[in-house]
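Scroll down for the structure; my scribbles are underneath it.
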Amino acid sequence: MVKYIINTEHKKSKINREIYGHFSEHLGRCIYGGMYVGENSDIPNTNGMRNDVVEALREIRVPVLRWPGGCFADEYHWKDGIGPKESRKKMVNTNWGGVVEDNSFGTHEFMELCRQIGCKTYINGNVGSGSVQEMSEWIEYMTFGGTSPMAELRRANGQDEPWKVDYFGVGNENWGCGGNMTPEYYGNLYRRYQTFLKDYRKDFSDPDKENPDRMRKIACGANVDDYEWTDGVLKTLFRHCEGRFHGNADGLSLHYYVHPEGWQIKGSATEFDEKAWYKTLAKALYIETLIERHAAIMDQYDPEKKIGMIVDEWGTWYTVEPGTHPGFLYQQNTMRDALVAGISLNIFNKHSDRVKMANIAQIVNVLQSVILTEGPKMLKTPTWHVFNMYKHHQDATLVDSYIETETIGEEEEYLVPNLTESASIDPDGKLQITVTNLSATQSYPVETLITGRKVEKFSAEILCEEMHAKNTFDEPDAVKTKAFDGVEKVHGGLKFEIPACSVVHITVE
Ligand code: AHR
């Protein structure tokens, strides 16, 4: 019997709802066709946004959406994407397939999409091929309510009221596609660019008065285990500032993708054996090591944890589906992806003292998507179902918990614990528990000891199918969450047998 202890009296960090965030890029069919079809499409839409997709995203309570990239962000010039659509500039999307980008989805459309989804806005600016003036004017365009050249331009384009930009990223992957910079060079550029990202919602007549709801600025962080980048950027940000700088970076990003067979070969999304199953899950678990090591560096500069770790690109990255455009990164999604999502989100919850946002890549039709579309058809992937179960952790308080595990797997190098979990008290006072069983074949009996509260009423749901199971446009509900009636009340807690290859969510009222 596996012992699982949850101490509801030991409350830890708040699980920011932004941990359940998403990423969208002008890449393949993520924006065009996936979320945006234009007002004249036969596909039912509101102001050009697909109704079916928006509804599915609202259901999982998408808290924040990052846009326009990715690598695309450092080639994007925002003025090309405003004004009458017929006169918007066309450009080549050099990063993603060399296709023509007609800029019909720009700032106004992104803000409309976020309004419909009901989520916060996270815009990623262009450092690599842009200028300080361009970035600074974008903020003025979007957020200034008074009279100024950019605010007037926005009004001329039909938007009277300023929008709210919740988060702004200063460049993307500036160690690579965003300019191949060194950490020190980027750190200095960050200092300069962010100086001119004014808070237009602030009371300028009182310079010392803080606006608690100001736009949060995010610096470009490391790729995977590039600790030198984290250290080099932070050293530069904190140098020669005598405390003035602190607070001018609210976040530092981290990117990590799981490629089962490595960056070159990647591996199929749907055809894999048990070895590849465990290898993928072991690689997904590695994000915990990355978080801990990058956090240890951040602690040296920022012991009060004022700068959030923003994992704004994470997820699986396989070889594209056979017959699809290699530059569009379209991949299927199976129970293996559901496990990757469940494991990763449990880890983010457990590290929510430092991890303040995470954005799975990418929301629709690209990499580990929650939604896939084909013309007018749409399906919810197994990953969508995990986000739907885990949404109850949003803005909850993490509580202390511990589950006994054993090591399983096929290869010495890729052994994994059989179970992962996290537990929280949600804003309504309910205890939310999520558990993943990483074994492809074996179920385990679990006995939960819950201290600090009585178990009266509870409910449970489960996502559980064979490891290759997936949803297709012919069978869109092959994998879906079901009620889990195997949970019973015992003295001090709950007891259940967790099936192989499953993700479980329990609510205790
Ligand atoms: O998500 C696909 C790409 O992966 C992004 O454009 C880039 O930031 C990362 O390398």
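Just to check, using Stokes-Einstein with a Kirkwood Rh over alpha carbon pairs, what's the diffusion coefficient of segment 84-186 at 37 °C and 0.692 mPa s in µm²/s? Result for D is 213 µm²/s. Modelled spin labels at Glu134 and Lys495, positioned 7 Å past Cα toward Cβ, are 6.5 nm from each other. Taking a straight Cα-Cα cut-off under 20 Å and skipping sequence neighbours fewer than 8 places away in the same chain, the aspartates and glutamates within cross-link reach of Lys89 are Glu25, Glu39, Asp74, Glu75, Asp80, Glu101, Asp102, Glu109, Glu134, Glu137.
Inter-label distance, Asp208 to Asp42: 6.6 nm, where each label sits 7 Å from its Cα along the C-beta direction. Here the convex hull built on the C-alpha positions of segment 71-119 has a volume of 87 cubic angstrom per residue. Listed as lacking a disulfide-compatible partner in the chain: Cys30, Cys114, Cys119, Cys220, Cys241, Cys464, Cys501, by the criterion of no other cysteine Cβ under 4.7 Å. For Glu404, put the label point 7 Å out on the Cα→Cβ axis and report which residues of segment 428-460 keep their amide N under 12 Å from it. What the label zone holds, given the 12 Å backbone N cut-off, is 445-449. Ranked by how many other Cβ atoms sit within 10 Å of their own Cβ, fewest first, the residues Ser129, Ser104, Ser369 fall in the order Ser129, Ser104, Ser369. Cα extents for segment 459-509 along the principal axes, largest to smallest and rounded to whole angstrom: 45, 21, 12. Calculated [222 nm] ellipticity per residue, helices only, for the chain: -7500 deg cm²/dmol; basis is -39500 (n - 2.57) per DSSP H run with n ≥ 4, divided by all residues, nearest 500.
Using a 10 Å cut-off around each Cβ, can you sort Thr373, Thr8 from fewest to most neighbouring Cβ atoms? List each step's numbers first, then the result.
Values: Thr373 22, Thr8 19.
Fewest to most other Cβ atoms nearby, the residues stand as Thr8, Thr373.
Short to long, the 5 Å bins of the Cα pair-distance histogram for segment 407-508 hold 3, 11, 20, 21, 17, 13, 9, 5, 1, 0 percent of all pairs. The alpha carbon centroids of segment 208-230 and segment 16-89 are separated by 24 Å.
Kindly state, to the nearest 0.05, the FRET efficiency for Thr270 paired with Thr182, given R0 = 45 Å and r defined as their beta-carbon distance. Write out the running numbers ahead of the final one.
Numbers: r = 40 Å, r/R0 = 0.89.
My answer for the efficiency is 0.65.
The phi torsions of segment 323-328, fed into the Karplus equation with coefficients 6.51, -1.76 and 1.60 and a -60° offset, translate into couplings of x, 9, 4, x, x, 9 Hz, rounded to whole numbers, with Gly and Pro shown as x.
The chain: percent of C-alpha pairs farther apart than 35 Å? Mind showing how you got there, number by number?
On the way: 42541 of 129286 pairs.
Considering the chain, 33 percent of its Cα-Cα pairs are separated by more than 35 Å.
Close amide-amide hydrogen proximity is noted between Val446 and Val2, Phe496, Glu497, Ile498, each under 5 Å apart and 5 or more residues distant or on a separate chain (H modeled in the peptide plane; Pro and chain starts excluded). Cβ-Cβ distance of Glu411 and Phe196, R₀ of 51 Å, FRET efficiency by 1/(1 + (r/R0)^6): the value works out to about 0.50. Given R₀ = 22 Å, FRET efficiency for His259-Thr472 by Cβ-Cβ distance, to 0.05? The pair His259/Thr472 has a calculated efficiency of 0.40. In a fully extended conformation the segment linking Asp52 and Ala156 would gain 34.3 nm over its present Cα-Cα distance, using 0.36 nm per residue.
Under conditions of 4 °C and 1.567 mPa s, segment 271-346 yields 88 µm² s⁻¹ as its translational diffusion coefficient, taking Rh as the Kirkwood radius over Cα pairs in the Stokes-Einstein equation. For segment 263-348, lysine pairs separated by 8 or more sequence positions, or belonging to different chains, with Cα-Cα distances below 23 Å total 4. Between Asp395 and Arg115, the modelled label-to-label distance comes to 2.2 nm, taking each label 7 Å out from Cα in the direction of the beta carbon. Once the chain from Ser148 to His325 is taken as fully extended at 0.36 nm per residue, the excess over their C-alpha distance is 59.4 nm. As a proxy for reagent exposure, Glu39, Glu112 were ordered by neighbouring Cβ count within 10 angstrom, fewest first; the result is Glu39, Glu112.
Along each principal axis, taking the top coordinate minus the bottom one, the Cα set of segment 1-146 gives 64, 41, 38 Å in descending order.
The numbers here are math on the coordinates, done by the rules we state, and not lab data. Since the structure is predicted, the reported quantities are computational estimates derived from the model, not experimental observations. With ideal geometry, Cβ positions are generated from the backbone for all residues, glycine too; neighbour counts draw on all protein chains shown.
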